[in-house]
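See below for the structure under consideration.
The values are calculated or read from the model by the stated rules, or taken from the named source; none is laboratory data. The shown structure was predicted, so the numbers you read here are calculated from the model rather than taken from an experiment. Positions of Cβ are backbone-derived with ideal geometry, glycine not excepted, and every protein chain shown enters the neighbour counts. Surface accessibility is based on the protein's heavy atoms, side chains included, excluding ligands, DNA and RNA. Shrake-Rupley method; radii C 1.70, N 1.55, O 1.52, S 1.80 Å.
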Amino acid sequence: MRIRSDVPRRAGLALTALAFAALGSSPSVGLAQEGPEVTVDGPAVILTNIPFSLTLRTEDGENARYRVRSADGRELAAGPLPIRAETRVDGLRVAGDGLPLTVEVVADQGTASESVDAPRFPGWISLLPPLIAIALALIFRHVVVSLFFGIWLGGFFIEGLNPLYGLWRSIDTFIVPSLADPDNASILMFSALLSAMVGVISRSGGTRGIVEAVRPLATTPRRAQLATFFAGIGIFFDDYANTLIVGNTFRPITDRLKVSREKLAYLVDSTAAPVVTIVFVSTWVGFEISLIRDGLRIAAEQTADPALAGALAAASPFTVFLSSIPFLFYPILALFMVALVIVTQRDFGPMHAAETRARTGGGVFRPGSQLMVNTEETGLDAPEGAPLRWYNAAIPVLTVVLVVLLGLYFNGRNEIGPASLWDTFGAADPFKAILWGSLSGCIVAIVLATSQRILSLKEALDGWLSGIRAMTMGFVILTLAWSLGEVTNQLATAQYLTQVLEGSLAPELVPVLTFATAAVVSFCTGTSWATMTILLPLVVPLIVALGGAAGFETGEGGALLVSSISSVLAGSIFGDHCSPISDTTVLSSMASACDHMDHVRTQLPYALIVAVVAMLFGHVGTSYGLPTWAAYILGIAILLAAMRFLGRPVPARA
């Protein structure tokens, strides 16, 4: 899941008050005086001893100052409060009977005070909604019910253990705002438009045409999977576009050759975020570089060594990002694992069972599975006698890719002017570009179908609507996954996990522990970008404080610093890759028309093996002096051995 600008989101409880100074006998105040109007935004839930923030604002408080006190009278924070500007008070903690808090504001107009209260729980409570939802989904395979239960549980806690009010909050606080979020709406619209384009292509015979055109090349399951793999690598500029284009395009081909939908979903998922993270011209680059820049700035401000501080402040975030690419062990090894699975045609665990079922005539998806896309939907078959022309599918898909690339380039130039290609792509708004691309693809598909008189305009629009209807289940699950992600934001799940996993440790262990921390946070919250946003500003100053950046100022050190940065990025991708509540995982199931939990169950063993190898040889090995190239050789050797001894050949087709 990607949340670009406001992560972690602060869902506050607005407590706006007009406070009045009490009538008193002080000789300096002769009459009752009205205090300033003060707005206080606080957290929905307060976790014991976990830092939280308040946001204060006054519209008429000249020369105002604030003071935050706990219920036992301790002063937690104080400072000036500028008029008509938000003041964020960070690092507040309460324990025991510290609630309610009192915010006092003293200004020329008088004094105002406001009580701030919220349900208080031990930190581990914040883990229950995502973990229980994930566990229920894995056990019972009813992902909609499981996700909604997790959302309700979050509302239950936020409403002070009131089950009915928790149900109302599920809708008005989590689900509706998730739909209203502009970025989420863009993803839904992009998915709908791309599915609608596929509907028109199918209705016009383009899908069958491309299957027939590829038939001489994709003659075996291995070749079909290799084609899918290379297409995933080729669409490197955005993970959402990668997932939806590759899955929808190659699904008819893999279906024909009896490759399971679970395997297709794995191929699609494993060549999306890993590729986009490694390639330095993508929609992720600007975001990651901005986080690296902030981490370096914070570390420079906190270090006592003037030479190191100057080097950190002057360092190019883009250069540091490029230096971190060789340490992205999980994404790189994950891509190798995909290639290894395809070339050897060996599988293990639930994936082997799925492939055996598909190859021996049991169906490309499990009987009784809950497909994310209804591929049996009527209205998508080509008319009798319609020409099966491959270019009626290829041209709209290529239009999407081309328009997205051009959109990223020109949108980025509008933001920052002439610049390098990676800076331009990084500054672009990817959501606008993918919307432009998917809409263009729809228009081109309709024009091709109607201009060749294969479909009337009404038939083309019927196919367009049928494509959207086929994605209904995917839209529901995607919305619920976002809503559960918002639950974790309001319950401060990521902050709790970060606090628990922090500690005093040897600098050589920081990369591997950072990877594990990022993986857990990303898995529980379903968002890699939020995890990066939370951890990078913490990890960079931490490794610098522990001496991991020694020599950075002379250019002869800093490997642990770069490795720690890579660990945040790689761990975030791993957790997001495995999480059932991640939007990229959901989109992979949608694009592949696969049962969502079947995709999660079959992919998880492969991802876990790659993660263990990446941690052991990559992050631990290189921290203790193992060359990067040696770490990759050892890692690849272990993956080869795992496929040799764990994997079993997939049976030939019946």
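Would you pick out the residues in region 289-324 that are under 19 Å from the mean Cα position of the chain (by Cα) and either modelled with pLDDT under 80 or open to solvent by 30 Å² or more (accessible area, probe 1.4 Å) (or both)?
Of the residues in region 289-324, the ones under 19 Å from the mean Cα position of the chain (by Cα) are 289-292.
Within region 289-324, Ile289, Ser290, Leu291 qualify.
Limited to region 227-268, what total is found for residues that are more than 23 Å from Ile468 (Cβ to Cβ) and not β-branched (Val, Ile, Thr)?
Qualifying residue count for the region: 16.
Within region 72-114, how many residues turn out to be hydroxyl-bearing (Ser, Thr, Tyr) and free of Cβ contacts under 8 Å to residues at least 60 places away in the same chain? Full working, then the answer.
Taking region 72-114 and keeping what is hydroxyl-bearing (Ser, Thr, Tyr), we get 87, 102, 111, 113.
Filter once more, keeping what is free of Cβ contacts under 8 Å to residues at least 60 places away in the same chain: 87, 102.
Of the residues in region 72-114, 2 are hydroxyl-bearing (Ser, Thr, Tyr) and free of Cβ contacts under 8 Å to residues at least 60 places away in the same chain.
Yes or no: Pro580 surrounded by fewer than 17 Cβ atoms within 10 Å (Cβ to Cβ), in contact with a helix residue (DSSP H, G or I) (Cβ under 6 Å, 6 or more places away or on another chain), at pLDDT below 90 and not aliphatic (A, V, I, L, M)? First the steps, then the outcome.
Details: surrounded by fewer than 17 Cβ atoms within 10 Å (Cβ to Cβ): no; in contact with a helix residue (DSSP H, G or I) (Cβ under 6 Å, 6 or more places away or on another chain): yes; at pLDDT below 90: yes; not aliphatic (A, V, I, L, M): yes.
No; evaluated as a whole, the condition is false for this residue.
Any residue at all in region 344-353 that's under 27 Å from the mean Cα position of the chain (by Cα), outside any helix (DSSP H, G or I) and either modelled with pLDDT of 85 or more or crowded, with 18+ Cβ neighbours inside 10 Å (or both)?
Taking region 344-353 and keeping what is under 27 Å from the mean Cα position of the chain (by Cα), we get 349-351.
Going one step further and asking which of them are outside any helix (DSSP H, G or I), we end up with 349.
With either modelled with pLDDT of 85 or more or crowded, with 18+ Cβ neighbours inside 10 Å (or both) added as a condition, the list becomes 349.
Yes, region 344-353 contains a residue that is under 27 Å from the mean Cα position of the chain (by Cα), outside any helix (DSSP H, G or I) and either modelled with pLDDT of 85 or more or crowded, with 18+ Cβ neighbours inside 10 Å (or both).
Select the helices (runs of 4 or more DSSP H) contained entirely in region 570-653, then report the ones holding at least 2 residues which are touching a Gly at 6+ places or on another chain (Cβ under 8 Å) and farther than 30 Å from Pro130 by Cα. Let's see the steps before the verdict.
Numbers: elements: 583-592, 596-613, 628-645.
The helices (runs of 4 or more DSSP H) meeting that bar are 628-645.
What are the residues in region 229-266 that are closer than 20 Å to Pro350 by Cβ and assigned to a loop (DSSP other than H, G, I, E, B), if any?
If the condition is that a residue be closer than 20 Å to Pro350 by Cβ and assigned to a loop (DSSP other than H, G, I, E, B), then Lys258, Val259, Ser260 are the ones that fit.
Mind checking which residues of region 43-75 are open to solvent by less than 60 Å² (accessible area, probe 1.4 Å), in a loop (DSSP other than H, G, I, E, B) and under 21 Å from Leu497 (Cα atoms)? Steps first, answer last, please.
Initial filter on region 43-75 (open to solvent by less than 60 Å² (accessible area, probe 1.4 Å)): 43-48, 50-56, 58, 60-61, 64, 66, 68, 70-71, 73.
If we keep only those that are in a loop (DSSP other than H, G, I, E, B) as well, we get 44-45, 48, 50-51, 60-61, 70-71, 73.
Answer for region 43-75, where residues must be open to solvent by less than 60 Å² (accessible area, probe 1.4 Å), in a loop (DSSP other than H, G, I, E, B) and under 21 Å from Leu497 (Cα atoms): Ala44, Val45, Thr48, Ile50, Pro51.
With a cut-off of at least 2 residues that are within 26 Å of Phe431 (Cβ to Cβ) and open to solvent by 30 Å² or more (accessible area, probe 1.4 Å), name the helices (runs of 4 or more DSSP H) lying wholly within region 149-228. Working first, answer last.
Details: elements: 163-169, 176-180, 182-203, 206-214.
Ranges flagged: 176-180, 182-203.
Would you mind finding the one in Ala630, Ala593 that is in contact with a helix residue (DSSP H, G or I) (Cβ under 8 Å, 6 or more places away or on another chain) and either over 25 Å from Phe365 (Cβ atoms) or at pLDDT 90 or above (or both)? Break it down into steps so the answer makes sense when it comes.
Working: Ala593 fails: either over 25 Å from Phe365 (Cβ atoms) or at pLDDT 90 or above (or both).
Only one candidate passes the filter, namely Ala630.
Within region 413-431, track down each residue that is surrounded by 15 or more Cβ atoms within 10 Å (Cβ to Cβ) and either touching a residue at least 40 places away in the same chain (Cβ under 8 Å) or under 21 Å from the mean Cα position of the chain (by Cα) (or both).
Hits for region 413-431 are Trp422, Asp423, Phe425, Gly426, Ala427, Ala428, Asp429, Pro430, Phe431.
Counting only residues that are open to solvent by 10 Å² or more (accessible area, probe 1.4 Å) and within 21 Å of Pro274 (Cα to Cα), which one in region 553-576 is modelled with the highest pLDDT? Give the steps one after another, and end with the answer.
First, the residues of region 553-576 that are open to solvent by 10 Å² or more (accessible area, probe 1.4 Å): 553-557, 559-560, 562, 574.
Still in the list and also within 21 Å of Pro274 (Cα to Cα): 562, 574.
Working: Val562: 88, Phe574: 93.
Among residues in region 553-576 that are open to solvent by 10 Å² or more (accessible area, probe 1.4 Å) and within 21 Å of Pro274 (Cα to Cα), the one modelled with the highest pLDDT is Phe574.
Scanning for something open to solvent by 40 Å² or more (accessible area, probe 1.4 Å), closer than 30 Å to Ala133 by Cβ and not in a loop (DSSP other than H, G, I, E, B), does region 443-464 turn up at least one residue?
No: zero hits.
Pick out the one residue from Ala78, Ala95, Ala11 that is at pLDDT below 85 and surrounded by fewer than 18 Cβ atoms within 10 Å (Cβ to Cβ). Please lay out each step first, then the result.
Numbers: Ala78 fails: at pLDDT below 85; Ala11 fails: surrounded by fewer than 18 Cβ atoms within 10 Å (Cβ to Cβ).
It is Ala95.
Hey, could you check region 17-42 for residues that are open to solvent by less than 20 Å² (accessible area, probe 1.4 Å) and at pLDDT 50 or above and say which is farthest from Gly91 (Cα to Cα)? Before the answer, list the steps.
Filtering region 17-42 down to residues open to solvent by less than 20 Å² (accessible area, probe 1.4 Å) leaves 19, 35-36, 38, 40, 42.
Narrowing the set further to residues that are at pLDDT 50 or above leaves 35-36, 38, 40, 42.
Values: Gly35: 27, Pro36: 25, Val38: 21, Val40: 16, Gly42: 13 Å.
Here the residue is Gly35.
Among (1) over 30 Å from Val145 (Cα atoms); (2) open to solvent by less than 60 Å² (accessible area, probe 1.4 Å); (3) at pLDDT below 80, which single condition is Leu497 missing?
(1)
Would you mind finding the one in Ala637, Ala545, Ala611, Ala550 that is over 21 Å from the mean Cα position of the chain (by Cα), at pLDDT 90 or above and either closer than 30 Å to Ala358 by Cα or not hydroxyl-bearing (Ser, Thr, Tyr) (or both)?
Numbers: Ala545 fails: at pLDDT 90 or above; Ala611 fails: over 21 Å from the mean Cα position of the chain (by Cα); Ala550 fails: at pLDDT 90 or above.
Selected residue: Ala637, the only one of Ala637, Ala545, Ala611, Ala550 that is over 21 Å from the mean Cα position of the chain (by Cα), at pLDDT 90 or above and either closer than 30 Å to Ala358 by Cα or not hydroxyl-bearing (Ser, Thr, Tyr) (or both).
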